[in-house]
1. Could you tell me whether residue 214 is assigned to a loop (DSSP other than H, G, I, E, B) and surrounded by 14 or more Cβ atoms within 10 Å (Cβ to Cβ)?
2. Against the definition (surrounded by fewer than 17 Cβ atoms within 10 Å (Cβ to Cβ), within 12 Å of the chain's Cα centre (by Cα) and part of a helix (DSSP H, G or I)), how does residue 244 come out, yes or no?
3. Tally time: how many residues in region 261-274 are outside any helix (DSSP H, G or I) and crowded, with 17+ Cβ neighbours inside 10 Å?
4. Conditions: (1) surrounded by fewer than 18 Cβ atoms within 10 Å (Cβ to Cβ); (2) under 24 Å from residue 251 (Cβ atoms); (3) more than 16 Å from the chain's Cα centre (by Cα); (4) touching a residue at least 24 places away in the same chain (Cβ under 8 Å). Residue 204 meets all but one. Number of the miss?
5. Please specify each residue of region 55-81 satisfying the condition of being touching a strand residue (DSSP E or B) at 6+ places or on another chain (Cβ under 6 Å), closer than 15 Å to residue 122 by Cα and not in a helix (DSSP H, G or I).
6. Could you list all residues from region 175-201 that are assigned to a helix (DSSP H, G or I), crowded, with 18+ Cβ neighbours inside 10 Å and over 13 Å from the mean Cα position of the chain (by Cα)?
7. Can you tell me which residue is modelled with the highest pLDDT among those in region 1-52 that are surrounded by fewer than 10 Cβ atoms within 10 Å (Cβ to Cβ) and not in a helix (DSSP H, G or I)?
8. Given the condition under 25 Å from residue 222 (Cα atoms) and surrounded by fewer than 23 Cβ atoms within 10 Å (Cβ to Cβ), answer yes or no: does some residue in region 96-114 qualify?
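The values are calculated or read from the model by the stated rules, or taken from the named source; none is laboratory data. Everything numeric here is computed off the predicted structure, so don't read it as measured data. No Cβ is skipped: glycine too gets one built from the backbone with ideal geometry, and neighbour counts run over all protein chains shown.
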């Protein structure tokens, strides 16, 4: 073993401890937040739910332009009118992120009519809320195409220009269910786990790309019509998140260049417990929390 290799082995744990201590100190200090006044933000699924609140929050924080993508023109138009009231230039385009050709076509239209996108927010998602055997095959495919593959197409459409400009940010609104799945939402949990792997790989791949960052947001159950009817056993202990809270934390994470955001913070403990607890103990946690039956009353969007 040569000296260079030996020194790397010796200093590796020192570097790890250093970065852990550095991150701990930064948690106690106020973070520096960058301005958004020159940013052009595109939000998929921007017509309603978390997407609508994200658009509002980016506008409140001074984004130069906000672009909304979605499949329902009525919702997109209403949200666009709300954003315009903040004094922010807002545009909307009908686009199905599951359709690769549609994404590339609308991305070209956006560049020609609005300009270069500097912040891409992959928010569009669907959930059908059924077990595997009760799920329609087309619905299962739809979840994977929108929740996972849509990220591939939108990121391929806009990331190259961010790399050229050496300025940009890719955001994913994921879910804690990507790391702690529940029964009754097998399509959603699977697609979100794939989406998380995509973002983890992308984040590492961009480490040597100056000016371009990533943020992955992993919230607990959020009170939107998308998960209408979902019930937790102890709502006082595990209250659903407000979509405006998720939006505020997401925009703040972009401004501070934070890679991963767990909401609420107690979700960190859930992920840690899962890493070493036996399966029987994890099953007891699920039984106690009521996650086995939380989708029994699921209705989704009406």
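1. no
2. Taking the combined requirement at face value, the residue does not satisfy it.
3. Total satisfying the criteria: 3.
4. Going through (1) surrounded by fewer than 18 Cβ atoms within 10 Å (Cβ to Cβ); (2) under 24 Å from residue 251 (Cβ atoms); (3) more than 16 Å from the chain's Cα centre (by Cα); (4) touching a residue at least 24 places away in the same chain (Cβ under 8 Å) one by one, residue 204 breaks only (4).
5. 66, 67, 68, 69, listed by residue number.
6. Of everything in region 175-201, those that are assigned to a helix (DSSP H, G or I), crowded, with 18+ Cβ neighbours inside 10 Å and over 13 Å from the mean Cα position of the chain (by Cα) turn out to be 186, 187, 188, 189, 190.
7. 37
8. Yes: one or more hits.
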